[in-house]
1. Just to verify a result, which residue in the range 53-98, among those that are modelled with pLDDT of 95 or more and among the polar types (S, T, N, Q), is farthest from the chain's Cα centre (by Cα)?
2. Find all pairs meeting these conditions: Cβ atoms under 8 angstrom apart; at least six residues apart or on different chains; first residue within the range 10-29 and farther than 19 Å from Arg72 by Cα; second residue charged (D, E, K, R) and assigned to a helix (DSSP H, G or I).
3. Taking the criterion of being surrounded by 12 or more Cβ atoms within 10 Å (Cβ to Cβ), out of contact with any helix residue (DSSP H, G or I) (no Cβ under 9 Å at 6 or more places or on another chain) and not in a loop (DSSP other than H, G, I, E, B), would at least one residue in the range 20-41 satisfy it?
4. Restricting to the range 42-68, name every residue that is under 14 Å from Val3 (Cα atoms) and out of contact with any helix residue (DSSP H, G or I) (no Cβ under 7 Å at 6 or more places or on another chain).
5. If only one of Ala96, Ala88, Ala70 is without any contact (Cβ under 8 Å) to a residue 60 or more places away in the chain and in contact with a Phe, Trp or Tyr (Cβ under 9 Å, 6 or more places away or on another chain), which one is it?
6. Just to be sure I understand, how many residues within the range 49-76 are surrounded by 11 or more Cβ atoms within 10 Å (Cβ to Cβ), outside any strand (DSSP E or B) and not hydrophobic (A, V, I, L, M, F, W, C)?
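The values are calculated or read from the model by the stated rules, or taken from the named source; none is laboratory data. What you see is a predicted model; the values in this text were computed from it and never measured. We place every Cβ from the backbone using ideal geometry, glycine too, and count neighbours over all the protein chains shown.
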Amino acid sequence: MLVLQTLILGAAHGHTIAHAIERGSDDVLQIEHGSLYPALHRLENRGWIASFWGTSENNRKARYYRLTPAGREQLITQTARWDQVVRAIGRILKPASE
């Protein structure tokens, strides 16, 4: 869900995706490249992202990832599910006073 949300703003390469998630979470979430790249491959295999080769800011060849229409739909679905889970946990942690 976080990768899909990061790509909503446009295509990015793996390092940029990891950095955006880390920065967006105030460094609470740390993205290991050994976890990120297999996740990117799974998302691509599911058709939620697509990749292409481009040139990075350092003038190096890099694989970029972009969100597909199916990925946008999946992001909407996953975000709704996340909201539902957060509300459910909140009800358990802070039950309404009776």
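1. Gln84
2. Leu29/Glu22
3. Checking the range 20-41: at least one residue is surrounded by 12 or more Cβ atoms within 10 Å (Cβ to Cβ), out of contact with any helix residue (DSSP H, G or I) (no Cβ under 9 Å at 6 or more places or on another chain) and not in a loop (DSSP other than H, G, I, E, B).
4. Our first condition is that a residue be under 14 Å from Val3 (Cα atoms); within the range 42-68, this holds for 42-44, 46-51, 64-68.
Within the range 42-68, Arg42, Glu44, Arg46, Tyr64, Thr68 meet the criteria.
5. Values: Ala96 fails: in contact with a Phe, Trp or Tyr (Cβ under 9 Å, 6 or more places away or on another chain); Ala88 fails: in contact with a Phe, Trp or Tyr (Cβ under 9 Å, 6 or more places away or on another chain).
Only one candidate passes the filter, namely Ala70.
6. The qualifying residues number 6.
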